1. Connecting C-alpha atoms closer than 10 Å in a GNM of the chain, tell me which of Gln357, Gln226, Gln47 has the biggest fluctuation.
2. Counting other C-beta atoms within 10 Å, and keeping those with at most 16, which DSSP coil trypsin sites (Lys or Arg not before Pro) do you find in the range 286-315?
3. Taking the chain as a Gaussian network, where each spring joins two C-alpha atoms under 10 Å apart, which residue of Lys167, Lys329, Lys120 fluctuates the most?
4. Taking the chain as a Gaussian network, Cα atoms linked when under 10 Å apart, which of Gly54, Gly27, Gly255 shows the biggest mean-square fluctuation?
5. What FRET efficiency, computed as 1/(1 + (r/R0)^6) with R0 = 35 Å and r the Cβ-Cβ distance, is obtained for Lys182 and Lys222, rounded to the nearest 0.05?
6. Taking 0.36 nm per intervening residue step and subtracting the Cα-Cα distance, what contour gain separates Ile289 from Gln205 on full extension?
7. What relative contact order, as a whole-number percentage, does the range 227-271 give when Cα pairs under 8 Å and 6 or more residues apart are counted?
Amino acid sequence: MGMEYLSNNHCNGGEDSGAVNPPVILGLQPSALIDHIAKVDWSLLSQISGESGGSFPVEIEELEHILSEVKIHILSSPDDLSPVKTIAAGSVANTIRGLAAGFGVSCGIIGACGDDEQGKLFVSNMRLYGVNISRLRMKKGSTAQCVCLVDELANRTMRPCLSNAAKIQADALMREDFRGSKWLVLRYAISNLEIIHAAIRIAKQEGVLVSLDLASFEMVRKFRLQLLQLLESGNIDLCFANEDEATELVRGEEGANLESALEFLAKHCQWAVVTLGPNGCIAKHGKEIVRVPAIGEAKAIDATGAGDLFASGFLYGLVKGLNLEECCKVGSCSGGSVIRALGGEVTPENWQWMHKQMQTEGLTVPSSDE
């Protein structure tokens, strides 16, 4: 099989910390992913195939070609040490890393990476922030990569290369992976549907709550039926959707709007959240509905990870027993912290910015020894 489990040394609590204290929150990311992020001028975007603004899969040759072109079209500012930022990525990895790094919540990741440079980078990045990687398998082969091109208006165009990437299979999941954890974080993807169903089945057997992110409006549009079946199963406890995904979910229904999308999600999930970018979010739990504005002045450099980091803050709030409005406010603070720099990783200065916003809102700032 050419597969090995990664030990968790260099991580919080030493080699077998995962066995003694299971992570409070687990993320399932079947394929580890590395992002190459760069701010570029318009002319490059017009040269690459596919629409700008979306996400469109490419082969490795195309990915390498775009990376070589990036060096010519880079928009670097004087304070950038390196014009292309290469970091561990993926929606779930962003959420989990945010919870570990910014909120001190013990987290683990389930998935697989290749035994290449990118795989090693993913592992060392997760370890660096104290994410438990003992459930991450290293396989022979390549790790998924994505080029994220950010334009002058902070919009991003993504070209992922996922072909032949190392991926964990549904039959590799074990009950021990989930035992003792409180939450499992998932992202909807049709290519991962089998493993998502398998993970939910085990999570429910182990009494673990499940959080689902709707991923993208294209994913909701093309695979709406499978998504509705997933939601209607009653196994999703918390669902995050952005404005576009929520709109897509109820498209064609009578009186379809964001409120009706929220109602629909809340009918099937204990907690339903629709994020509205610079307009904050709306959320529902039981009979309670809240609307929370965005927090802090909007200074978007790159919107990558805003929804992922919103989820970090919201989940932290739930784990700490905060009420619905407070959970939304923490989410708004953490979502706002990541858009102030390139990529889905929050810088130390921006964690401090988040703590300041939380203090202003009267929220308890996480201590480093949580």
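Computed from the coordinates by the stated procedures, all read-outs in this text should not be read as laboratory data. Since we're looking at a predicted model, the values are computed, not measured. Neighbour counts are summed over all protein chains in view; Cβ atoms, including those assigned to glycine, are modelled from backbone coordinates with ideal geometry.
1. Gln47
2. On the way: sites: Lys287, Arg291, Lys299; in loops: Lys287, Lys299.
Sites meeting the loop and neighbour criteria: Lys287, Lys299.
3. With Cα springs under 10 Å in the chain, the top fluctuation among Lys167, Lys329, Lys120 is at Lys120.
4. Of Gly54, Gly27, Gly255, the Gaussian network model singles out Gly255 as fluctuating most.
5. After rounding, the FRET efficiency stands at 0.65.
6. Numbers: separation 84, 0.36 × 84 = 30.24 nm, distance 3.00 nm.
Length gained between Ile289 and Gln205: 27.2 nm.
7. Details: 35 pairs, mean separation 24.3, N = 45.
Computed over the range 227-271, the figure is 54 percent.
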